[in-house]
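Just below is one structure, and these are the notes that go with it.
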Amino acid sequence: MRQKLLRLFYPVFMLLQKPFAKKAMHSNPQPQAAPPVDFYSLSGQLPNGRLFAFEPLRGQYVLLVNTASGCGYTGQYAALQQLQQQYAGRLQVLGFPCNDFGGQEPGTDAEIAEFCQLNYGVSFPLMQKAPVTGPQQQPIYQWLTQPVQNGWNSKAPSWNFCKYLVSDTGVLLGVFGPGTAPDDDAITHYLKKSGATAVHG
(Lines give C-alpha, C1' and ligand atoms only; values in the text may rest on other atoms or scores of the structure.)
Protein backbone atom coordinates (compact mmCIF):
# COMPACT_ATOMS: atom_id res chain seq x y z
CA MET A 1 0.00 0.00 0.00
CA ARG A 2 2.83 2.38 0.87
CA GLN A 3 4.45 1.85 -2.53
CA LYS A 4 1.13 2.42 -4.30
CA LEU A 5 0.72 5.73 -2.49
CA LEU A 6 4.29 6.75 -3.25
CA ARG A 7 3.79 6.01 -6.94
CA LEU A 8 0.49 7.88 -7.00
CA PHE A 9 1.84 11.04 -5.40
CA TYR A 10 5.34 11.00 -6.93
CA PRO A 11 4.50 13.29 -9.93
CA VAL A 12 2.86 15.84 -7.64
CA PHE A 13 5.72 15.53 -5.17
CA MET A 14 8.32 16.26 -7.87
CA LEU A 15 6.29 19.18 -9.21
CA LEU A 16 6.25 20.75 -5.74
CA GLN A 17 10.02 20.25 -5.43
CA LYS A 18 10.86 21.88 -8.76
CA PRO A 19 11.18 25.50 -7.49
CA PHE A 20 13.79 24.35 -4.96
CA ALA A 21 15.73 22.00 -7.23
CA LYS A 22 18.08 24.56 -8.78
CA LYS A 23 19.10 25.84 -5.36
CA ALA A 24 20.47 22.39 -4.60
CA MET A 25 22.67 22.23 -7.71
CA HIS A 26 26.41 22.78 -7.54
CA SER A 27 28.67 22.86 -10.60
CA ASN A 28 32.41 22.41 -10.86
CA PRO A 29 34.01 25.85 -11.39
CA GLN A 30 36.96 24.19 -13.17
CA PRO A 31 35.49 21.24 -15.10
CA GLN A 32 38.73 20.63 -16.99
CA ALA A 33 40.91 20.27 -13.91
CA ALA A 34 41.91 16.74 -12.91
CA PRO A 35 40.93 15.83 -9.32
CA PRO A 36 43.68 15.32 -6.72
CA VAL A 37 42.64 11.69 -6.30
CA ASP A 38 41.98 9.64 -9.44
CA PHE A 39 38.31 8.60 -9.63
CA TYR A 40 39.32 5.47 -11.54
CA SER A 41 41.51 4.27 -8.68
CA LEU A 42 38.35 3.79 -6.60
CA SER A 43 35.70 1.10 -6.44
CA GLY A 44 32.33 0.27 -4.93
CA GLN A 45 31.34 -2.91 -3.16
CA LEU A 46 28.69 -5.19 -4.60
CA PRO A 47 26.20 -7.06 -2.37
CA ASN A 48 28.17 -10.29 -2.85
CA GLY A 49 31.23 -8.60 -1.36
CA ARG A 50 33.13 -8.26 -4.61
CA LEU A 51 34.61 -4.94 -5.62
CA PHE A 52 33.13 -3.01 -8.54
CA ALA A 53 36.16 -1.28 -10.06
CA PHE A 54 35.64 2.15 -11.63
CA GLU A 55 38.61 1.84 -14.00
CA PRO A 56 36.48 0.13 -16.72
CA LEU A 57 34.13 3.14 -16.62
CA ARG A 58 36.78 5.37 -18.16
CA GLY A 59 35.27 7.03 -21.24
CA GLN A 60 31.70 7.01 -19.85
CA TYR A 61 29.83 9.49 -17.72
CA VAL A 62 28.91 8.11 -14.30
CA LEU A 63 25.87 9.14 -12.26
CA LEU A 64 26.15 8.06 -8.63
CA VAL A 65 22.92 8.14 -6.59
CA ASN A 66 22.21 7.25 -2.97
CA THR A 67 18.92 5.40 -3.02
CA ALA A 68 16.15 4.20 -0.70
CA SER A 69 13.06 2.06 -1.23
CA GLY A 70 10.61 3.85 1.07
CA CYS A 71 11.22 7.49 0.15
CA GLY A 72 9.03 10.05 -1.59
CA TYR A 73 11.73 10.15 -4.28
CA THR A 74 11.77 6.36 -4.82
CA GLY A 75 9.92 6.85 -8.11
CA GLN A 76 13.18 8.22 -9.50
CA TYR A 77 14.34 4.62 -9.92
CA ALA A 78 12.21 4.52 -13.10
CA ALA A 79 13.82 7.67 -14.49
CA LEU A 80 17.29 6.43 -13.59
CA GLN A 81 16.65 3.18 -15.45
CA GLN A 82 15.33 5.09 -18.45
CA LEU A 83 18.41 7.32 -18.41
CA GLN A 84 20.65 4.24 -18.31
CA GLN A 85 18.89 2.81 -21.35
CA GLN A 86 18.68 6.07 -23.24
CA TYR A 87 22.42 6.74 -23.00
CA ALA A 88 23.62 3.16 -23.11
CA GLY A 89 27.36 3.01 -23.62
CA ARG A 90 27.84 6.67 -22.75
CA LEU A 91 26.47 6.79 -19.21
CA GLN A 92 26.65 4.39 -16.29
CA VAL A 93 24.20 4.83 -13.42
CA LEU A 94 25.32 3.42 -10.07
CA GLY A 95 22.95 3.03 -7.11
CA PHE A 96 24.17 3.21 -3.52
CA PRO A 97 21.39 2.07 -1.15
CA CYS A 98 21.67 3.61 2.29
CA ASN A 99 19.61 3.91 5.43
CA ASP A 100 21.04 7.28 6.48
CA PHE A 101 17.86 9.34 6.16
CA GLY A 102 14.73 8.54 8.12
CA GLY A 103 15.23 4.77 8.12
CA GLN A 104 13.81 4.57 4.60
CA GLU A 105 15.98 1.66 3.46
CA PRO A 106 15.62 -1.02 6.16
CA GLY A 107 15.85 -4.02 3.82
CA THR A 108 18.70 -6.41 3.14
CA ASP A 109 20.71 -6.17 -0.07
CA ALA A 110 18.73 -9.09 -1.51
CA GLU A 111 15.43 -7.44 -0.63
CA ILE A 112 16.54 -4.14 -2.13
CA ALA A 113 17.60 -5.79 -5.40
CA GLU A 114 14.33 -7.70 -5.66
CA PHE A 115 12.28 -4.59 -4.92
CA CYS A 116 14.11 -2.51 -7.54
CA GLN A 117 13.91 -5.16 -10.24
CA LEU A 118 10.26 -6.05 -9.70
CA ASN A 119 8.95 -2.51 -9.27
CA TYR A 120 11.19 -0.50 -11.59
CA GLY A 121 13.04 -2.98 -13.81
CA VAL A 122 16.38 -1.73 -12.51
CA SER A 123 19.30 -3.28 -14.37
CA PHE A 124 22.07 -0.84 -13.42
CA PRO A 125 24.42 -1.94 -10.60
CA LEU A 126 23.30 -1.52 -7.00
CA MET A 127 26.09 -1.52 -4.45
CA GLN A 128 26.08 -3.03 -1.00
CA LYS A 129 23.99 -0.98 1.43
CA ALA A 130 26.35 1.31 3.33
CA PRO A 131 26.44 4.83 4.82
CA VAL A 132 26.99 7.80 2.50
CA THR A 133 27.40 10.25 5.40
CA GLY A 134 28.93 10.24 8.87
CA PRO A 135 31.97 8.50 10.35
CA GLN A 136 31.27 5.22 8.52
CA GLN A 137 30.95 6.95 5.13
CA GLN A 138 32.06 4.61 2.35
CA PRO A 139 35.22 5.54 0.39
CA ILE A 140 33.54 6.66 -2.85
CA TYR A 141 31.38 9.12 -0.92
CA GLN A 142 34.49 10.41 0.83
CA TRP A 143 35.84 11.17 -2.65
CA LEU A 144 32.58 12.80 -3.74
CA THR A 145 32.35 15.05 -0.68
CA GLN A 146 35.95 16.01 0.14
CA PRO A 147 37.63 18.77 -1.91
CA VAL A 148 41.06 17.31 -1.11
CA GLN A 149 39.98 14.28 -3.13
CA ASN A 150 37.57 15.55 -5.82
CA GLY A 151 39.06 19.04 -6.19
CA TRP A 152 36.13 21.30 -5.26
CA ASN A 153 32.98 19.83 -3.71
CA SER A 154 32.22 19.45 0.00
CA LYS A 155 28.45 18.95 -0.36
CA ALA A 156 27.36 15.66 1.17
CA PRO A 157 23.99 14.05 0.43
CA SER A 158 21.21 15.93 2.21
CA TRP A 159 18.62 13.17 1.68
CA ASN A 160 17.97 10.12 -0.46
CA PHE A 161 18.45 10.38 -4.24
CA CYS A 162 21.15 13.03 -4.33
CA LYS A 163 23.09 12.75 -7.57
CA TYR A 164 26.77 13.20 -8.41
CA LEU A 165 27.79 13.33 -12.08
CA VAL A 166 31.33 12.37 -13.03
CA SER A 167 32.63 13.13 -16.52
CA ASP A 168 34.03 10.64 -19.01
CA THR A 169 37.50 11.69 -17.85
CA GLY A 170 36.87 11.18 -14.15
CA VAL A 171 36.08 14.77 -13.12
CA LEU A 172 33.21 15.53 -10.74
CA LEU A 173 31.04 17.86 -12.82
CA GLY A 174 28.01 18.54 -10.67
CA VAL A 175 26.02 17.75 -7.56
CA PHE A 176 22.22 17.66 -7.72
CA GLY A 177 19.75 17.46 -4.86
CA PRO A 178 16.94 14.91 -4.62
CA GLY A 179 14.45 17.39 -6.10
CA THR A 180 16.34 17.34 -9.42
CA ALA A 181 14.87 14.61 -11.61
CA PRO A 182 17.41 12.25 -13.23
CA ASP A 183 16.28 13.36 -16.70
CA ASP A 184 16.46 17.07 -15.87
CA ASP A 185 18.33 19.11 -18.47
CA ALA A 186 20.75 20.19 -15.74
CA ILE A 187 22.09 16.62 -15.92
CA THR A 188 21.37 15.54 -19.49
CA HIS A 189 22.87 18.64 -21.11
CA TYR A 190 26.31 17.29 -20.22
CA LEU A 191 25.53 14.12 -22.15
CA LYS A 192 24.01 15.96 -25.08
CA LYS A 193 26.82 18.45 -25.53
CA SER A 194 29.36 15.65 -25.29
CA GLY A 195 27.89 14.12 -28.40
CA ALA A 196 26.29 11.21 -26.62
CA THR A 197 23.96 9.23 -28.81
CA ALA A 198 20.60 8.66 -27.19
CA VAL A 199 19.02 5.24 -27.65
CA HIS A 200 15.25 5.37 -27.40
CA GLY A 201 12.89 2.52 -26.73
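The values are calculated or read from the model by the stated rules, or taken from the named source; none is laboratory data. These numbers were taken from a predicted model, which means no experiment stands behind them. Don't worry about glycine lacking a Cβ; one is built from the backbone with ideal geometry, like all the others, and counts go over all protein chains shown. Remember, those area values only see protein heavy atoms, side chains included, never the ligands or the DNA or RNA. Shrake-Rupley method; radii C 1.70, N 1.55, O 1.52, S 1.80 Å.
Could you tell me which residue of the range 42-62 is least open to solvent (accessible area, probe 1.4 Å), considering only residues that are closer than 21 Å to P157 by Cα and of a type in the set (A, V, I, L, M)?
As a first pass, look at the range 42-62 and keep what is closer than 21 Å to P157 by Cα: 42-46, 54, 61-62.
Cutting the leftovers down to of a type in the set (A, V, I, L, M) gives us 42, 46, 62.
Values: L42: 31, L46: 40, V62: 0 Å².
Among residues in the range 42-62 that are closer than 21 Å to P157 by Cα and of a type in the set (A, V, I, L, M), the one least open to solvent (accessible area, probe 1.4 Å) is V62.
What are the residues in the range 79-91 that are open to solvent by less than 10 Å² (accessible area, probe 1.4 Å) and in contact with an Asp or Glu (Cβ under 8 Å, 6 or more places away or on another chain), if any?
Within the range 79-91, L83 is the sole residue that qualifies.
Here are some residues: T169, T108. Which one is under 17 Å from L64 (Cα atoms), β-branched (V, I, T) and open to solvent by 20 Å² or more (accessible area, probe 1.4 Å)? Spell out how you get there, then give the answer.
Numbers: T108 fails: under 17 Å from L64 (Cα atoms).
It is T169.
Report, by residue number, each residue of the range 23-73 that is hydrophobic (A, V, I, L, M, F, W, C), modelled with pLDDT under 95 and part of a loop (DSSP other than H, G, I, E, B).
Correct list: M25, C71.
Taking the condition open to solvent by less than 30 Å² (accessible area, probe 1.4 Å) and either in contact (Cβ under 8 Å) with a residue 24 or more places away in the chain or assigned to a loop (DSSP other than H, G, I, E, B) (or both), does F101 pass?
Numbers: open to solvent by less than 30 Å² (accessible area, probe 1.4 Å): yes; either in contact (Cβ under 8 Å) with a residue 24 or more places away in the chain or assigned to a loop (DSSP other than H, G, I, E, B) (or both): yes.
The answer is yes for F101.
I need the full set of residues from the range 130-164 which are surrounded by fewer than 23 Cβ atoms within 10 Å (Cβ to Cβ) and under 21 Å from A79 (Cα atoms), in order please.
Across the range 130-164, the qualifying residues are S158, W159.
A quick yes/no check of all residues on (1) surrounded by 13 or more Cβ atoms within 10 Å (Cβ to Cβ); (2) aromatic (F, W, Y); (3) closer than 17 Å to Y190 by Cβ; (4) in contact (Cβ under 8 Å) with a residue 24 or more places away in the chain:
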position: Y40; (1), (2), (3), (4): yes, yes, no, yes
position: L64; (1), (2), (3), (4): yes, no, yes, yes
position: C71; (1), (2), (3), (4): yes, no, no, yes
position: Y77; (1), (2), (3), (4): yes, yes, no, yes
position: V93; (1), (2), (3), (4): yes, no, yes, yes
position: F96; (1), (2), (3), (4): yes, yes, no, yes
